[in-house]
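Let me begin by presenting the structure, written as structure tokens, before commenting on it.
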Amino acid sequence: MSRALQPFEELVELDAAALRTWSARALDALGREREEIDAINVYPVADGDTGTNLYLTAEAAHQAVESVFAAAEPGAAETVRAMAHGALLGARGNSGTILAQLLRGMAAVLAEGRDGDHLARALAEAADAARRAVARPVEGTILTVASAAARACAGGGGLAEVAGSAYEGARTALASTRGQLDVLTRAGVVDAGGQGLVTVLGALVETVTGRAPDRPEPEPHGLLVPLGPAAPERCGTEEGPAYEVIYLLEAGDSAVDLLRSRLDALGDSLVVVGGDGLWNVHVHVDDAGAAVEAGVEAGRPHRIRITHFASAAAEAETDALGARAQRAVVAVVPGEGLAGLCAEAGATTVQTRPGEQPAGDELVDAIRRAHAREVVLLPNDTELRQTAAAAAERARAEGIRVALIPTRAAVQGIAALAVHEPDRRFDEDVVAMTAAAGATRYAELAVAERQSFTSAGVCQAGDVLGLIEGDVAVIGQDLTETARTVLDRMLSAGGELVTLIVADGTPPDLAAALERHVRRGYLAVDTTTYHAGEGAPPLLIGVE
């Protein structure tokens, strides 16, 4: 029997690879169920973002895990600590903050051992740590589900047995939350945060056993939850504070104890998670300034996010009426013609200027202008990677779900945009666009401004440079001849489609000459030509 056909062997230990798989599967599962969880979110505030907050928290956790794997081959202890630390830094909302503390509680035990008995202990410590982090624990919430999961597997056993028992205990407790809180009973739904935790535990079961567990039945009333009208009831002073305040805080334990007392007196839904000098603070208050000032007195707050519930509710109601799109693409492009092409395809564009990269503020403004809940960002330039990543993070802090596809050239961005389907699930769309961009090799022709040393030898001012994947591969004197040489080198590795992007000022017959060259020498290869207009390199080439 081949290796691919062998049955999955249940894990006996959560090693580093298994923990990495769990973080990836939890993120994927929350991505699939995000909208469903958002739709049933009525407690503590009916603002329809619990699924999104849990997803963003899990995304931060997974990115931290991937970072340690990119740097070295980490051990299990380092991996689980990275997962918990990433969740702490990226925690969003009430449920996301609690999820971060659950992961932190698990990490403390799993760093010591990773068999079934340790997993049972880890889940118990996680549930206790989460309750300690919440100023006023309420039953019928994610805390109830976490405690039930821990009780269900308290006897320990094999890894698969413990994970399965915890999942089933969580499922049973989740179904009961509908009758534990009046607001859930009136809406006819289970707790959204608890649903998210069941999803995360389901990903753990699949990681350990190789089989996806039975999911709870989708909530039949979820899409009928009145997000617009319900939220304002919590936005005034009669039923709840007006603002959600979240920040990271660098402070000692004694200062945080005092901070908890101050914030508890200011509002409700107080959750403070973390330790070892770094904390994530979440609270609902009427005086947002006072909540931030309390943090300043306790230590050094940063990544401060303040959300006005009434504004968020109005935005949710506007979204429901269709004024805000579900998804948009933001693309950085050189040249007016290329910007127009991408705009026709539905993208919001940021046009680069010769010799000048767009600033982070321009990218953030473009993401806002796209006016969508989900945005795919295409920087189309290697040097823009860090700026684009920072802009994406700033937009995420405003509640926009942003995926950065690290496109390195405009031809990769065009390839990604060509397969973009806004009706697909967000994660599936991002994967398809990333695959299309990654399958596109790129080249650029430029004119040397001065004598310099290159990877292809010494060039003189005025020489034509053929850059393939960012490195100078050809030095010539004629634009068309150099382009032919570059094309031949790229097509020697195969290809089905050549994309030519021609700027103003290039020889008028350049594109036609290159198309003829491809037809004569590469019978199975198609060619497409676009005009970039002013402000673009003389020629951009893509080979898919």
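The values are calculated or read from the model by the stated rules, or taken from the named source; none is laboratory data. This is a predicted model, so every value here is computed, not measured. Counting neighbours? That spans all protein chains shown, and the Cβs are built from the backbone with ideal geometry, glycine included. Ligands, DNA and RNA are excluded from the accessible area calculation, which covers all protein heavy atoms including side chains. Shrake-Rupley method; radii C 1.70, N 1.55, O 1.52, S 1.80 Å.
Here are the numbers for this structure:
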{"read-out": "Burial ranking of peptide ranges 189-195, 500-506 (average Cβ count within 10 Å, highest at the top)", "value": "189-195, 500-506"}
{"read-out": "Mean ellipticity per residue at 222 nm, deg cm²/dmol - from DSSP H runs of n ≥ 4 across the chain, formula -39500 (n - 2.57)", "value": "-16000 deg cm²/dmol"}
{"read-out": "FRET efficiency estimate (nearest 0.05) - Cβ-Cβ, D15 to S452, R0 41 angstrom", "value": "0.25"}
{"read-out": "Calculated from backbone phi, Karplus (6.51, -1.76, 1.60) coupling profile of segment 378-392 in Hz, x at Gly/Pro", "value": "10, x, 6, 6, 4, 6, 8, 4, 5, 4, 5, 5, 5, 5, 4"}
{"read-out": "Helix axis angle, 192-209 relative to the chain longest principal axis, alpha carbon, degrees", "value": "70 degrees"}
{"read-out": "Separation of the D286 and E36 label points, Cα + 7 Å toward Cβ, nm", "value": "4.0 nm"}
{"read-out": "Nearest 10 degrees, 0 to 90: helix 426-438 Cα axis against the chain principal axis", "value": "30 degrees"}
{"read-out": "Förster radius 22 Å - calculated FRET efficiency between R131 and V296, Cβ distance, rounded to 0.05", "value": "0.20"}
{"read-out": "Qualifying GluC sites (Glu not before Pro) for segment 53-133 [loop in DSSP, other Cβ within 10 Å: at most 14]", "value": "E112"}
{"read-out": "With Cα atoms, 0 to 90° folded angle of helix 288-298 axis to the chain main axis", "value": "80 degrees"}
{"read-out": "Prolate/oblate/rounded call for segment 390-505, Cα gyration tensor, a/c under 1.5 rounded", "value": "prolate"}
{"read-out": "Sulfur and carbon atoms: percent of accessible area, segment 479-534 [1.4 Å]", "value": "48 percent"}
{"read-out": "For A242, residues with placed amide H under 5 Å, excluding near neighbours", "value": "V285, D286"}
{"read-out": "Karplus-derived HN-Hα couplings along segment 259-264 (A = 6.51, B = -1.76, C = 1.60, θ = phi - 60°), whole Hz, x at Gly and Pro", "value": "4, 4, 5, 5, 6, 4"}
{"read-out": "All-pairs Cα distance distribution in the chain, expressed in whole percent, bin size 10 Å", "value": "4, 16, 24, 22, 16, 11, 6, 1"}
{"read-out": "Whole-angstrom gap from segment 258-303 to segment 54-118, using each part's C-alpha centre", "value": "23 Å"}
{"read-out": "Cα gyration tensor shape of segment 27-177, rounded if a/c is under 1.5, else prolate or oblate by comparing a/b with b/c", "value": "oblate"}
{"read-out": "Segment 90-98 - phi-based ³J(HN,Hα) in whole Hz, Karplus 6.51/-1.76/1.60, Gly and Pro as x", "value": "x, 4, 10, x, 4, 5, x, 5, 5"}
{"read-out": "Accessible area per residue, Å², the chain with all protein chains present, probe 1.4 Å", "value": "43 Å²"}
